[in-house]
Amino acid sequence: MKRIGVLTSGGDAPGMNAAIRAVVRTAVANGMSVVGFKRGYNGVLMMSENSRDDYEILTKRSVSNTIHRGGTFLMTARCKEFHLPEVQEKAIANMRGLGIEGLVAISGDGTFHGADALNSRGFPVVGVPGTIDNDLPYTDYTIGFDTAVNTALECVDKIRETSDSHERGSLITVMGRDCGDIAINTALACGAEIVLIPEREWSIEETAGRIRWAAMEGKRSTIIIMAEGAMRSLKSDLHALAQKYPELGVTGDAPLSSSKLAALLEKMSGHEIRSTVLGYIQRGGNPSASDRLLGSRLGSHAVQLLRDNQSGLAVGVRDNHLVEVPFAETFGSHRPVNDSLLHLLDTLSTFSS
């Protein structure tokens, strides 16, 4: 191949710039030029009036001073219409018109579906996993996960100090719609007492009981880490709780917000609880050393695969070794919960016997 493209799509993740940099510099070292598409597949479709807003030639110099920056300098966006065959054909025609012979797509599950569609139509694509949720089952780690955990950990450490001063509990919501990895790792690293995740059933009654027990044992503050998708695994009867505590404004028909959950836990435990949602702060910030290294390794490996005429693959890491799997093996399942980490968390918490 003489020229390849690279894009970042979906949610941004710290370390994406390190991956782009590795793609460009590895390609140049192998005699290839690189076109960087802006805003994901939207740039490939050339939807802007000015081509400069859609793509640019990337050189070794243009990716200098980027490895330490969060986000993605190519910008990112979702492209809802990319599942349409005619849209995919347009994307291929546009890339071939620029002399591009292969593509590196950096993101998560949705982007990989688009990459697989392009590859099945005869246009070579390799995927690089960039998502803070760490929810792709084929790789041990995804780019951005380590930074997100460290960002959450820094925030929780600050919240714990004020919680301890006021002798209150804190319910802290971290990202993780389908995967509890950020919650589990943050909880273990910060010494939290409770973690609530989408993969494991939990109840408000049991959680309140654990908070009450800790307070009776003399614990001044309790830290509860909750993944944003944990409400899906809640087994409590919200209709019954709404009738029992009408003053809290809880209904059994609407999703339970973190602030309403905190109010329920406070009422049922007799211990003051405050709710904090960390939100998009977890996506930002300079990437950690681990994410810079991971992005560099995976970006470079993706280019080497295209150079060797291998495509339709997503790269990853297992036991610190680089791996590649067909796109089809990345779809349809989520990372299994790490039971050993959950067991360790239970062992080290206040509630262990």
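Read-outs throughout are calculated quantities, based only on the coordinates presented, and are distinct from any laboratory measurement. Everything quoted here is computed from the prediction, not taken from an experiment. Cβ atoms come from the backbone with ideal geometry, glycine included; neighbour counts cover every protein chain shown.
Could you calculate the contour length gain from HIS321 to TYR280, that is, 0.36 nm times the residue separation minus the distance between their Cα atoms, to one decimal place in nm?
Values: separation 41, 0.36 × 41 = 14.76 nm, distance 3.05 nm.
Separation in residues times 0.36 nm, less the Cα-Cα distance, equals 11.7 nm.
Can you give the angle from 0 to 90° between the axis of helix 16-29 and the longest principal axis of the chain, with both taken from C-alpha atoms, to the nearest 10? With both axes taken from Cα atoms, the answer is about 20 degrees.
The gain in end-to-end length when the ALA240 to SER165 segment is fully stretched comes to 23.6 nm, 0.36 nm per residue minus the alpha carbon separation. Among the lysines, which have Cα under 20 Å from the Cα of LYS158 when same-chain residues fewer than 8 positions away are ignored? In chain and number order, the partners are LYS219. Computed over the chain, the per-residue total of -39500 (n - 2.57) for DSSP H runs of n ≥ 4 gives a 222 nm mean residue ellipticity of -12000 deg cm²/dmol, rounded to 500. Distance from the alpha carbon centroid of the stretch 284-353 to that of the stretch 176-204 works out to 19 angstrom. Relative to the first principal axis of the alpha-carbon coordinates of the chain, what is the inclination of helix 85-97, with its axis defined by its Cα atoms, in degrees from 0 to 90 and to the nearest 10? With rounding to tens, the tilt is 50 degrees. Principal semi-axes of the equivalent ellipsoid, √(5λ) from the alpha carbon gyration tensor of the chain, are 43, 20, 17 Å from largest down. A viscosity of 1.567 mPa s and a temperature of 4 °C, combined with the Kirkwood radius over Cα pairs in Stokes-Einstein, give a translational diffusion coefficient for the stretch 148-283 of 88 µm²/s. Output the 0 to 90 degree angle, nearest 10, between the alpha-carbon long axis of helix 289-307 and the longest principal axis computed from the alpha carbons of the chain. Orientation of helix 289-307: about 30 degrees from the principal axis.
Taking the inverse of the average 1/r across all pairs of different Cα atoms in the stretch 129-209, what Kirkwood radius in Å do you get? Roughly 13.6 Å, rounded to one decimal.
Ordering GLN304, ALA117, VAL337 by the projection of their Cα atoms onto the charge dipole of the chain, which places +1 on the Cβ of Lys and Arg and -1 on the Cβ of Asp and Glu, puts GLN304 at the extreme positive end.
Here LYS244 is the anchor, and the lysines within straight C-alpha reach of less than 21 Å, apart from those fewer than 8 places off in the same chain, are LYS235, LYS260, LYS267.
Ignoring aspartates and glutamates fewer than eight residues from LYS38 along the same chain, the ones with Cα atoms less than 13 angstrom from its Cα are ASP12, ASP53, ASP54, GLU56. Between GLU272 and ASP308, the FRET efficiency from the beta-carbon distance, with R0 = 56 Å, is close to 0.40. The alpha carbons of the stretch 1-100 occupy a box of 36, 29, 22 Å along the principal axes, longest dimension given first. Length available on full extension from ASN50 to LEU344: 0.36 nm per residue minus the Cα-Cα distance, which gives 100.4 nm.
Peptides 43-51, 142-150, 1-9 ranked from most to least packed by the mean count of surrounding Cβ atoms within 10 Å: 142-150, 1-9, 43-51. Taking the Cα of MET216, stepping 7 Å toward and past its beta carbon, and measuring to each backbone N in the stretch 243-275: which are under 14 Å? Under cut-off, by backbone N: 269-271. Taken as Cα centroids, the stretch 110-125 and the stretch 22-88 sit 16 Å apart, rounded to the nearest whole angstrom. Placing +1 on each Lys and Arg Cβ and -1 on each Asp and Glu Cβ, with no other charges, gives the chain a dipole about its Cα centre of roughly 1100 debye.
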